[in-house]
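First up is the structure itself, then whatever we jot down about it.
The values are calculated or read from the model by the stated rules, or taken from the named source; none is laboratory data. These figures come from a predicted structure and were not determined experimentally. Cβ: placed from backbone, ideal geometry, glycine included. Neighbour counts: every protein chain shown.
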Amino acid sequence: MHSLGPDKKIIQKASLQGFFFESLNNLNKKSLCPVPESAIYYSSDVLDKFILSKDFFDISEGRVREKILGLKLLEATQLSREDQRRVYKEVADMSLIVCGYFYESTQNKMVDSQYYGQIGKMAYSQLNNLSPSYLDIPSFYTMFATCFESMTTLMTMLASLNRGQSEGHLIFKKVMSGEHVSEKEFLVSGVMPQPTKKVS
């Protein structure tokens, strides 16, 4: 029988969604710019459904290909209203996961996380035109699109924590490498950026 080391622990939750909701909610409470709890609930549901990597691929005629979200978004306009709703939700939710939980994977792609962010927000806006409410909240998807970056930052922080890194790892890494960190990323991380004065 193998024993876990002192820094390892088994997490027991009634559901994976429950684990994601509790974890994201705890991070959100530390944020200087928290998102609505309904956005946390929705995101935990998306993580629960899409966290398996096989859902990121199309399998046709025995071949596996990565889903091209931008193309799927364009092709949706030719579909029936119900199929549009399904495709917009799939594209939006997958963009959320890619920009959030799997943010680091975008570093090796030809297009960056900003591209996926734009695709995701556009898809949520289109989805709102077809099916605006979620949990009886009117214009939910429009609201969700406005807090897309905040939500993906929380998800990226959660991914870092799950890999055994500290909450501030993502922001710290970006600052140290000279990469741009937006004011919203600082706020969601619970960090108040201080203006720097140049010493001459």
Taking L187 as meeting all but one of (1) surrounded by 15 or more Cβ atoms within 10 Å (Cβ to Cβ); (2) of a type in the set (A, V, I, L, M); (3) modelled with pLDDT of 80 or more, write down the number of the exception.
(3)
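I'm trying to understand the selection: among the residues of the range 31-68, which are closer than 26 Å to G18 by Cα and modelled with pLDDT under 70? Show your work before the answer.
The first filter runs over the range 31-68 and keeps only residues closer than 26 Å to G18 by Cα, leaving 31-57.
Within the range 31-68, L52, S53, K54, D55, F56, F57 meet the criteria.
So, of the residues in the range 95-123 that are of a type in the set (V, I, T) and either part of a helix (DSSP H, G or I) or within 21 Å of F21 (Cα to Cα) (or both), which turns out to be modelled with the highest pLDDT? Step through it out loud before you land on a result.
The initial filter retains those residues of the range 95-123 that are of a type in the set (V, I, T), namely 97-98, 106, 111, 119.
With the extra rule that they be either part of a helix (DSSP H, G or I) or within 21 Å of F21 (Cα to Cα) (or both), the set shrinks to 97-98, 106, 119.
On the way: I97: 91, V98: 87, T106: 69, I119: 94.
Checked the range 95-123; the qualifying residue modelled with the highest pLDDT is I119.
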Residues (more than 13 Å from V46 (Cβ to Cβ), assigned to a helix (DSSP H, G or I) and touching a helix residue (DSSP H, G or I) at 6+ places or on another chain (Cβ under 7 Å)) located in the range 141-158:
T142, A145, E149, S150, T153, T156, M157
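Quick check on A14: is it of a type in the set (A, V, I, L, M, F, W, C), assigned to a helix (DSSP H, G or I) and either at pLDDT below 90 or closer than 22 Å to L158 by Cα (or both)?
On the way: of a type in the set (A, V, I, L, M, F, W, C): yes; assigned to a helix (DSSP H, G or I): no; either at pLDDT below 90 or closer than 22 Å to L158 by Cα (or both): yes.
Judged against the criteria, A14 is not a match.
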Among the residues of the range 128-144, write down those that are aliphatic (A, V, I, L, M) and surrounded by 14 or more Cβ atoms within 10 Å (Cβ to Cβ).
L130, I137, M143
Pick from the range 149-173 the residues that are surrounded by fewer than 15 Cβ atoms within 10 Å (Cβ to Cβ) and of a type in the set (D, E, K, R): which of them is modelled with the highest pLDDT?
R163
